[in-house]
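First up is the structure itself, then whatever we jot down about it.
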Amino acid sequence: MTVETERLRSAVAVELDRARRRTTTLTEAVDDDDLVRQHSRLMSPLVWDLAHVGNQEELWLVRDVGGREPVRRDIDELYDAFQHARADRPALPLLNPAEARAYVATVRDKALDVLDAVRLDGRPLVTGGFAFGMIVQHEQQHDETMLATHQLRTGPPVLHAEPPPPARVPATGEVFIPGGPFTMGTDTEPWALDNERPAHVVDVPAFHLDVAPVTNARYAEFIDAGGYDDARWWSEAGWAHRQRAGLGAPLHWRRDGDRWVYTRFGRTVPVAPDEPVVHVCFHEAQAFAAWAGRRLPTEAEWEKAARFDPATGRSRRYPWGDEDAQERHANLGQRHLSPAPVGAYPDGASPHGVQQLIGDVWEWTSTDFHGYPGFRAFPYREYSEVFFSPEYKVLRGGSFGTDRAACRGTFRNWDYPIRRQIFAGFRCARDAEPGES
Ligand SMILES: [Fe+2]
């Protein structure tokens, strides 16, 4: 056994443990009644997420990678996300909180046993620890989903965290990104998911991109200017949705006299003017951009701004380089329970000076979710291929609730253009003028 393999095994064990600690924080913060309750029809009961995390770990690590006997084959169907819509999950005969906790602990013991015993090469599923990385990311993604459920629950605050760091540098205006080809996607990132592959060259015409995500102050100007009442700024589908849903401000915003307040994880506070706006849907982002004389960036523009290094012509893992995300680079991992003010992370800037591409808020792009040229589903079609559709828009960059294990310059998220419960905001772009270079 090589030193390299041993290092990988310990790194995997650390990541599995980090994910489980976060799951535990999110599920121990509330009592059992709260765990089985449905806080929104958009979300599962927290206890479903908990046992589903264990079930996926059992399916992939214990049974497939490890070739071990099933722990609970009888519950597979209950925790198959494709069998039951979120709204229907509370009515299922789910494991109760004590059973769910015992189940995920049993599965974890077996998964760690498999990690000790299995070769991490040969089969593509285990090369570089892929299946373990996939399960780590799956648990962290459900942790972000559970965090979104916490934001939707009512009652006194149960989650606590330090406030995000203050702004350290100005972060206004836009930067110019020259036209030309860059490498999008990856062949080398060991834990990249199938939809991030393969690496391929995309020629992106010159464009301008905002230095930072759109702030609450700027978004409030759009509201004050009557943006929600003017069909000119909205797409046809967006306007129809705005009417039907009665949209008038981001989710969780409320008027309090002449100011806006929002409720976050049970605390109602004045809206912070210099923080990125969050809990807006794609249609709202698109309408704001039209009102501002701008547009949303395409997914390729976003990734070029985040990864392309003009000095070397190479695409890097993150805006700041190839180094894994550290605390000074980005607001990730639920270290804080809100986005940070724009300008808070100068160390995370890209070579062109674009800030906060990673962390804070997921950023809506104008691109539909599809496979890259040469896409191959791996290890199963249900991970992403079945979602390839113009019905979904791509989001990039991760939020304050995204863990670093499930976030990188190539990572792709997708959702319906009407969704607002996710931690999503946006930044604007515009075409370069002819002759501008
Ligand atoms: Fe899942």
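Bear in mind these aren't lab numbers, they're just calculated from the coordinates by the rules spelled out. Predicted, not measured: the structure shown is a model, and the values here were computed from it. All Cβ positions, even for glycine, are placed from backbone atoms using ideal geometry, and neighbour counts span all protein chains on display.
How high is the relative contact order of the chain, in percent, counting Cα pairs under 8 Å that sit 6 or more residues apart?
18 percent
Using Cβ contacts closer than 10 Å as the measure, can you line up CYS281, CYS428 from fewest to most?
CYS428, CYS281
Which three lengths, in whole Å and largest first, does the stretch 351-401 cover when its Cα atoms are put on their principal axes?
Here the spans come out as 35, 24, 22 Å, largest first.
Quick check on packing: order 298-305, 96-103 by the mean number of other C-beta atoms within 10 Å, highest mean leading. Don't skip to the answer; put the middle values down first.
Details: 298-305: 23.4, 96-103: 17.4.
Ranked from most to least packed, the peptides come out as 298-305, 96-103.
What full-extension length gain, to one decimal in nm, is calculated for THR172 and GLU221 as 0.36 nm per residue of separation minus the Cα-Cα distance?
Fully extending the segment from THR172 to GLU221 adds 16.1 nm.
Order these by the 10 Å Cβ neighbour count, fewest first: ASP322, ASP194.
ASP322, ASP194
What distance in nm lies between label points placed 7 Å from Cα along the C-beta direction at ASP33 and ARG430?
5.5 nm
Run the dipole for the stretch 3-152 about the Cα centre, Lys and Arg Cβ at +1, Asp and Glu Cβ at -1, nothing else charged, and hand back the magnitude in debye, nearest 20. Each step should come with its number before you reach the end.
On the way: 19 positive and 27 negative charges, 46 e Å.
Once rounded to the nearest 20, the dipole reads 220 debye.
Over the stretch 232-326, what number does the Rg to Rh ratio reach, with both radii from the alpha-carbon atoms and Rh per Kirkwood?
Rounded to two decimals, Rg over Rh is 1.09.
Compare the Cα positions of PRO170, VAL201, ALA325 along the charge dipole of the chain (+1 at Cβ of Lys, Arg; -1 at Cβ of Asp, Glu; about the Cα centre) and return the one farthest towards the positive end.
Farthest along the dipole direction, towards plus: PRO170.
Provide the net charge surrounding MET146, with neighbours chosen by a C-beta distance below 14 Å and charges set as Lys +1, Arg +1, Asp -1, Glu -1.
0
With Rg and the Kirkwood Rh both taken from Cα atoms, where does Rg over Rh land for the stretch 3-152?
Rg/Rh: 0.98.
Using amide H atoms built in the peptide plane, which far-off residues or other-chain residues are under 5 Å from SER366 H to H?
Answer set, sorted by chain and number: THR298, GLU299.
Going by average Cβ density within 10 Å per residue, which order do the peptides 350-361, 167-178, 127-138 take, highest to lowest? Let's see the in-between values first.
On the way: 350-361: 25.4, 167-178: 15.6, 127-138: 21.4.
With the highest mean Cβ count within 10 Å placed first, the list reads 350-361, 127-138, 167-178.
Over the C-alpha atoms of the stretch 160-437, what are the Rg and the largest Cα-to-Cα span, Dmax, in Å?
In Å, with Rg to one decimal and Dmax whole: 18.0, 55.
Please rank LEU42, LEU120, fewest neighbouring Cβ atoms within 10 Å first, as an exposure proxy.
Working: LEU42 16, LEU120 22.
Least to most surrounded, the residues fall as LEU42, LEU120.
So what J values fall out for the stretch 118-129 if you push phi through Karplus, 6.51 cos²θ - 1.76 cosθ + 1.60 with θ = phi - 60°, rounded to Hz, Gly and Pro as x?
Result, ordered by residue: 7, 6, 9, 8, x, 6, x, 4, 10, 4, x, x Hz.
Taking 8 Å as the Cα distance limit and 6 or more residues as the minimum spacing, I'd like the relative contact order of the stretch 3-152 as a percentage.
Result for the stretch 3-152 is 36 percent.
When the chain is fully extended, how far beyond the present Cα-Cα distance does ALA117 get from ALA231, taking 0.36 nm per residue of separation? Could the numbers behind the result be given before it?
Numbers: separation 114, 0.36 × 114 = 41.04 nm, distance 6.11 nm.
My answer for the length gained is 34.9 nm.
Which GluC sites (Glu not before Pro) does the stretch 361-437 hold that lie in a coil by DSSP with at most 15 other beta carbons within 10 Å?
Listed in order of number, the matching sites are GLU382, GLU436.
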